[in-house]
Amino acid sequence: MPTVLIPLPALDFDPTEVAVSWSVLTRLGHEVVFATPDGRPGEADALMLTGEGLDIWGLVPGLRRLTVVGRVLGANADARQAYAAMARDPAFLNPIRWDEAATARFDGLLLPGGHRARGMRAYLESEVLQALVARAFAADMPVAAICHGVLLAARSRAADGSRSVLHGRRTTALTWALERTAERLGRIARFWDPGYYRTYPDGAGEPAGHMSVEAEVTRALARPEDFLDVAADDPLRRWKVGGRTRDSWDDDRPAFVVRDGRYVSARWPGDAHTFARRFAEVLAD
C-alpha cells in the first residue's frame with residue numbers, strides 16, 4: 001500500500017485541500033501519514049471550515065451562522081464531511097514531527113495550502129520542509145502541491161541551491177485572479193481584518209500582485225509560460241475560473257490540474273478531488 005506524507009502547519013491549513021485529498025487517497029487504497037511542527041494534531045482555518053465570520057456581519061453573534069460570502073469561499077458539504085471523518089482518523093490525531101519526516105519512509109509527498117498568514121507563514125518558510133521537498137524531487141518521488149503548497153515547492157532549492165525544484169517544470173498554483181478576487185471580497189466582507197486573504201501583502205512601491213502566489217511561483221520557473229492556467233479557448237473556462245464552482249468525486253469539469261512527470265499541481269480547493277485522483281494515478285504508475 002503506497003504511503004503519502006502530508007505535512008501540515010500547526011494551524012490555519014485549508015480544510016478542503018487537506019481533508020478531500022485525504023478522503024480520495026484513502027478511498028483509493030493509499031495510506032496517509034501527517035506531519036506537524038511538534039507532533040500534535042494540526043488545526044484548520046476555522047473560518048474556511050465553517051464559512052462563519054467571512055461575511056460583513058461576522059462579528060454579530062446572532063447572525064454569524066448566516067453565511068453568504070462564507071458559503072462561496074468556505075468548505076462545502078463534501079469537504080466538511082471529509083474533514084469530520086479525517087478528524088477521527090488515528091493518523092491525523094497522531095502525526096509525526098516535521099523533523100521526523102526527514103527520515104520517514106513514504107512513497108509520495110502532498111503539499112496542501114492555506115492562506116492565513118498567522119499559521120501558514122511558518123509552514124511556507126520552514127527550512128525543514130523545504131529540504132524535505134527538495135529531497136523528494138531529487139529522488140523523483142511523486143509530489144503533489146495545491147494552492148499555497150506550490151509556493152512551498154517553489155521556495156525549495158535543488159541540491160546546488162541555485163534554483164527552485166520547479167525550475168524547468170510546468171505548474172499551476174493559486175492564480176492572481178482568484179487571489180485578488182478573494183482579497184477584494186475580504187476587504188469588504190471582513191473589513192476589520194482586511195489582510196486575511198493575502199499571506200504576503202505587496203510592499204511599498206511594488207505592483208499589485210507582486211507578492212501573490214502566482215507571481216512568486218512564476219519567478220521560480222525557467223520561463224513565465226511554464227505557469228499554466230485555464231486556456232482562453234477552453235469551452236468551460238468561465239466555469240473553471242469563476243471561483244464559485246467546485247469539483248466533486250463524480251465531476252471533474254470545474255477543475256484545472258497540471259501533471260508534469262511525477263509532479264501534480266492545482267490551483268485552489270475547488271480542484272481538490274481531481275487533484276488527489278490525478279496524484280493517485282501517479283502513485284499507481
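Determine whether residue 208 is over 19 Å from residue 243 (Cα atoms), exposed (fewer than 15 other Cβ atoms within 10 Å of the Cβ), free of Cβ contacts under 8 Å to residues at least 60 places away in the same chain and touching a helix residue (DSSP H, G or I) at 6+ places or on another chain (Cβ under 9 Å). So residue 208 passes the test.
All of (1) more than 15 Å from residue 115 (Cβ to Cβ); (2) touching a residue at least 40 places away in the same chain (Cβ under 8 Å); (3) outside any helix (DSSP H, G or I) hold for residue 243 with one exception: (1).
Scanning segment 1-35 for residues that are small (Gly, Ala, Ser) and either under 16 Å from residue 132 (Cβ atoms) or modelled with pLDDT under 95 (or both) returns a single hit, 35. When the criteria are applied in full, residue 272 fails the requirement of being touching a helix residue (DSSP H, G or I) at 6+ places or on another chain (Cβ under 9 Å), under 22 Å from residue 183 (Cβ atoms) and assigned to a loop (DSSP other than H, G, I, E, B). Residues that are in a strand (DSSP E or B), out of contact with any Gly (no Cβ under 6 Å at 6 or more places or on another chain) and acidic (Asp, Glu) were ranked within segment 1-50; the one that is surrounded by the most Cβ atoms within 10 Å (Cβ to Cβ) is 43.
Reported count of residues in segment 162-176, each being surrounded by fewer than 16 Cβ atoms within 10 Å (Cβ to Cβ) and either touching a helix residue (DSSP H, G or I) at 6+ places or on another chain (Cβ under 9 Å) or at pLDDT 95 or above (or both), is 3. Against the numbered list (1) outside any loop (DSSP other than H, G, I, E, B); (2) touching a residue at least 24 places away in the same chain (Cβ under 8 Å); (3) over 20 Å from the mean Cα position of the chain (by Cα), residue 238 comes up short only at (2).
The values are calculated or read from the model by the stated rules, or taken from the named source; none is laboratory data. It should be emphasised that the depicted structure is a prediction, and the values quoted were computed from it without experimental measurement. Cβ sites come from the backbone with ideal geometry, for glycine too, and all protein chains shown count toward neighbours.
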